[in-house]
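Presented below is the structure to which this report refers.
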Amino acid sequence: MPFQLNNLPKRTDKPRSNGLTLVLDKGYSIRQAEDFCEAASDYVDIVKLGWGTSYVTQKLDEKLDVYRQYDIPVYFGGTLFEAYMLRDQLNGYIELLKKYNLRYVEVSNGTIWLSDQRKVEIIKRLSDDFTVLSEVGSKNPNDIIPPYKWVKMIRRELEAGAWKVICEARESGNVGVFRPNGEVRSGLIDEITDQIPSEKLIFEAPQKEQQVWFIRKFGSNVNLGNIQPMEVIPVETLRLGLRGDTLFDFYSLSDEDLNEIYTKNGNSGISKELE
C-alpha cells in the first residue's frame, strides 16, 4: 500500500483460500492482460476465461503466460467443459487442460443435462490431478432449484473433492442465487450457509449492489466470483471499507470513539441512518 490508514479490516494474504476474488476475463488481449495484472494482480486470486472464449482467443499460450508471471491461476469457463461433455469428450478435455498446464478446472451443468451422480464421479476423477471448482445452479432463470437441493448438491460435491463450490449467477447476476431483477435470494443464501460454511463457497456477484450485500453479510473475506477486471480494485475498496457503500461497516472503531472523532472535527456525530 502507498500509505498507512489505521483501523481497516484484516484481509487474508495471497495465496489465500478465503477472501478470494475470482475474475471473469471475457477475451482480453495480451496487452490488456498485462495492463490488468500490473494494476491489480495483488487483488486477483483466480482468473476464469469465460464460457468458451478460450477456444477463439488468439495467442492463448502467450496470454496464459502473462497470468503465470503474476502467479495467478487460470481456468477455462464451465461452459467449455459442458461443450466437451455434450460431445462425450471428457478425456479430450483432460488432455486440453494438461496441454495448457492448467491446475484448476470447473465442473458445471448449468446448461446441459448431467446427472448429479455423473457430476460427482467426474469431480472425484478430476480432483486427483486438478483443483476442482464445481458450480451449482442453473443458467435458466425459470429453473428454480429449492434450497434443500442446493445444500444437498453442494455437500455432495465438496465430499467428492471440490475445493470450492461456485453459486451460479452468470455474468449478468440475474439467475441462480439472484432473482431476475438482480435482487439477492437472501432466504436461499441463509439456508445454504446455515449448513455449509461460507468459506467453502464462491458467490458469483457481478453487480456492485450484490458485492456490497455479500461483504456486509459475510465480511471482508467473503469469496466473490464473476468480477469484471475493471472492477477488481473497486471491489477491494468495498472489502476494506474505502468506498461509501461500506465505509461505516469496517472502520473497526466503537461508535463512541468514532463519534468523538466526528465531534472534534466539528460534526454532530454519526447520522442515525448509519448507526
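Here, each number is a calculation from the coordinates, and none is a lab measurement. Quick caveat, the model's predicted, so the values are computed rather than measured. Cβ sites come from the backbone with ideal geometry, for glycine too, and all protein chains shown count toward neighbours.
Given their separation in residues at 0.36 nm each and the Cα-Cα distance between them, Glu191 and Arg11 gain 62.2 nm when the chain is fully extended. The smallest convex shape that holds all Cα atoms of the range 115-216, its convex hull, gives 97 Å³ per residue. Alpha-carbon geometry of the chain: the Rg and the Dmax are 19.9, 69 Å, given in that order.
Just for the chain, what percent of DSSP beta bridges are antiparallel, to the closest 5? Working shown, then result.
Numbers: 1 of 23 bridges.
Around 5 percent antiparallel, to the nearest 5.
Of the cross-linked pairs Lys59/Lys139; Lys124/Lys208; Lys26/Lys98; Lys48/Lys152, those separated by over 31 Å at the C-alpha level are Lys124/Lys208.
By the scheme Lys and Arg +1, Asp and Glu -1, what is the net charge of all other residues having a beta-carbon under 10 Å from that of Val222? Walk me through the intermediate numbers first.
Working: positive: Arg216, Lys217, Arg239; negative: Glu199.
Surrounding charge for Val222 is +2.
Pairwise Cα distances in the range 43-146 exceed 20 Å in 39 percent of cases. At a Förster distance of 30 Å, what's the computed FRET efficiency of Asn142 paired with Glu121, Cβ-Cβ distance as r, to 0.05? That gives a FRET efficiency of 0.60. The distance linking the range 86-108 with the range 220-238 is 27 Å (Cα centroid to Cα centroid, whole angstrom). In this rough spin-label picture, where each label sits 7 Å from Cα along the Cβ direction, the Arg216-Asp129 distance is 4.6 nm. Computed from label points 7 Å out along Cα-Cβ, the spacing between Asn174 and Lys208 is 1.9 nm.
Grab the beta carbon distance between Asp249 and Glu95, set R0 = 45 Å, and tell me the FRET efficiency rounded to 0.05.
Numbers: r = 47 Å, r/R0 = 1.03.
About 0.45, to the nearest 0.05.
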